[in-house]
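Each value in this text was obtained by applying a stated rule to the coordinates, not by laboratory testing. A quick note: this is a predicted structure, and the numbers were derived from the prediction, not measured.
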Amino acid sequence: MPFSDPKYRRSQRATPLLPKDRGGAGGEFAGASFTGAVFNLSTTIVGAGIMALPATLKQLGAIPGLITILLAGMLTEKSIEIILRFSKAAKTGSYSGLAADAFSGAGRNILQLCIVMNNVGMLVVYMIIIVHPIENELKDPSQMKSIVRTSITLCTSVYVATSFFGFLLFGNQTMDDVLANFDGELGIPFSSLLNDIVRVSYAIHLMLVFPIVFYSLRLNVDGILFPYAIPIAYDDRRFYALTIALMGFIFLGANFVPSIWDAFQFTGATATVSVGFIFPAAIALRCVELEFIHSLSAKKVHNGCLHDSMTLML
């Protein structure tokens, strides 16, 4: 059974976002608070994809678009609940570790490829990948379910407000990247000042979220290229080499991809759905098959989650 195979345990150690030892800056790190964890998770959720939401409402219509956002929020909460539940059962501290336990090394590699595709696009469902590092740094890990629910509620509200009011403001002139709509005159008092505030605020947000997204991107690329090497945190040469290579690739991609809409369409229809909904449901069903759960009702729940995930993807 793959759950006990030691060769898949290389990168499955609990890896928090913050170190346990802060050196001389005041002793050991006692763990993140509820508020800090909600902030980390929420900052990660509200990524670059929020700028494409008004264009999504333009394509789908206001009511179907808002319903889709709410449905995605509910399905995401269920996916995270499944991941956290089976991570505890499998005694692993990472998403890729859970995939390795359920589907061996091949499943882990496929998941890591999807995560790399997803993180390069900086999409919403990245929250699924960042859950484990946030949980590992908590003072009280039992709070994780409440943290997830609070973050999803907060960010769904932000998504609904941004998409609805962005579409309401620009209507049929809404661009793929709504930030581009703020280039011109808005036809309201202090239009120029408002444009600058929006742009500076979004730049600050991306500065905060980029290191968290890049953290998991680098970790998963390293897992694909060097599956049996020592953890990258202990190899400075590999750490700097991967960081420089990935930053160069991202910079080139940002210059040559003509529109964020193209990137979101590709990764959103493939990697995002796989990472956010298909893999959690498949892991749950696999664990049922391996007798981690003996309840027939639980199996029905997970089958329902897989069905809902496929429906959302379609």
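Things to note:
- Taking amide H as placed 1.01 Å from N in the peptide plane, L138 has its amide H under 5 Å from the amide H of A32, each at least 5 places away in sequence or on another chain.
- The 3J(HN,Hα) values that the Karplus relation (6.51, -1.76, 1.60; θ = phi - 60°) gives for the range 217-226 are, in residue order, 4, 5, 4, 7, 4, 4, x, 6, 7, 10 Hz. Gly and Pro appear as x.
- Under Karplus coefficients 6.51, -1.76 and 1.60, residue-wise ³J(HN,Hα) of the range 82-92 in Hz, glycine/proline x: 5, 4, 5, 4, 7, 5, 5, 5, 8, 6, 10
- Whole-Å distance, taken between Cα centres, linking the range 190-226 and the range 48-104: 19
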